[in-house]
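This report concerns only the one structure given below.
The values are calculated or read from the model by the stated rules, or taken from the named source; none is laboratory data. Computed from a prediction, not measured in an experiment: that's the story for all the values here. Here the Cβ is made from the backbone with ideal geometry for all residues, glycine too, and neighbour counts use every protein chain on show.
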Amino acid sequence: MAQRFDEKSFFDQEAFSDVTIKFGARERRCHRMILCSKSKYFAEMCGPNKTFAEAQQSVIELKDDVNEDAVEAMLRWLYTFDYQTRQKPLKAEPTAEFHLDVCVVADKYLLTCLSAEALSRLRVKLEVLAEAQLTAFIEQVYFSGVVYPANVVAVVDAVRDIRLRALLKHEAFRSLMRGDTDLSMSVVDRLVLDGEGKEMKAMYVGKCSKCPRLQFGEGTGIWVCPARGCPGTVTKLKVWQEREVTDCLANGSPASPQVAGATGV
């Protein structure tokens, strides 16, 4: 039986290596066949019959990447489909910033599957970050001046929205809102969509002085008991209510609207 070619065992190994990838102060021995078969970026740069200088060179230098660890993680993923280090002793748990950098590298080198994996791990990290750390991360993605991939911004937006109530309790996040109109309006839109900003309408509870009947209604005019036409005085209570109440209430047992505040009228 023919042996299966195990790509994992060839990462940064001299055996059959035909190209060295240099990035920053590091370099790793790689294989054009693996790089070009997994990445359109490498296929265009150093694949067969390509005219770029890199196609003829034994050393290819990758430039303008912000994090060497993320680039190495990308190269490891091309061989193993797992970009996190498995060496012993284990290094510190990867941070949200590391996963963010992998997302950026994956976007640059046109690795859709790596991008999806890194985005998933990034979201898991962000969902459990302390609010202060999450606020700092949001500030980095929104306001650092770096143009992050749209799918990264979408993940940050989503986590911000699901943790919005907790974030709003922290002065650092509120300070970000005060300094940026777009962020403030985005938060307002989210609150409205979630129902936190529903329009509140003034409603009145009328109680007849002659009979036990109660009724909800709008307006400030004189209320006449619809059951008996009682001319007696009426006590009204003004309430702020989210939903519209259209039914009349009888038997002295009004429904329980969502009341934001009440004042005697």
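Points worth noting:
- Candidate set from the range 26-47 (those that are more than 16 Å from residue 73 (Cβ to Cβ) and aliphatic (A, V, I, L, M)); member that is surrounded by the most Cβ atoms within 10 Å (Cβ to Cβ): 45
- Pair list, Cβ under 8 Å, 6 or more apart: the range 42-70 residue acidic (Asp, Glu), other residue modelled with pLDDT under 85: 44/50; 44/52; 54/45; 54/46
- Test: residue in the range 72-81 that is among the basic types (Lys, Arg) and at pLDDT 85 or above: yes
Residue-by-condition table, conditions (1) in contact with a strand residue (DSSP E or B) (Cβ under 9 Å, 6 or more places away or on another chain); (2) surrounded by fewer than 16 Cβ atoms within 10 Å (Cβ to Cβ); (3) modelled with pLDDT of 95 or more; (4) not in a helix (DSSP H, G or I):
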{"position": "155", "(1), (2), (3), (4)": "no, no, yes, no"}
{"position": "165", "(1), (2), (3), (4)": "no, yes, no, no"}
{"position": "173", "(1), (2), (3), (4)": "no, no, yes, no"}
{"position": "187", "(1), (2), (3), (4)": "no, no, no, no"}
{"position": "198", "(1), (2), (3), (4)": "no, yes, no, yes"}
{"position": "204", "(1), (2), (3), (4)": "yes, no, no, yes"}
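- Residues of the range 122-153 that are hydroxyl-bearing (Ser, Thr, Tyr) and modelled with pLDDT of 95 or more: 135, 142, 148.
- The range 45-63: number of residues that are of a type outside the set (Val, Ile, Thr) and at pLDDT 85 or above: 3
- Considering residues of the range 141-159 that are closer than 18 Å to residue 106 by Cβ and of a type outside the set (Val, Ile, Thr) only, the residue nearest to the chain's Cα centre (by Cα): 154
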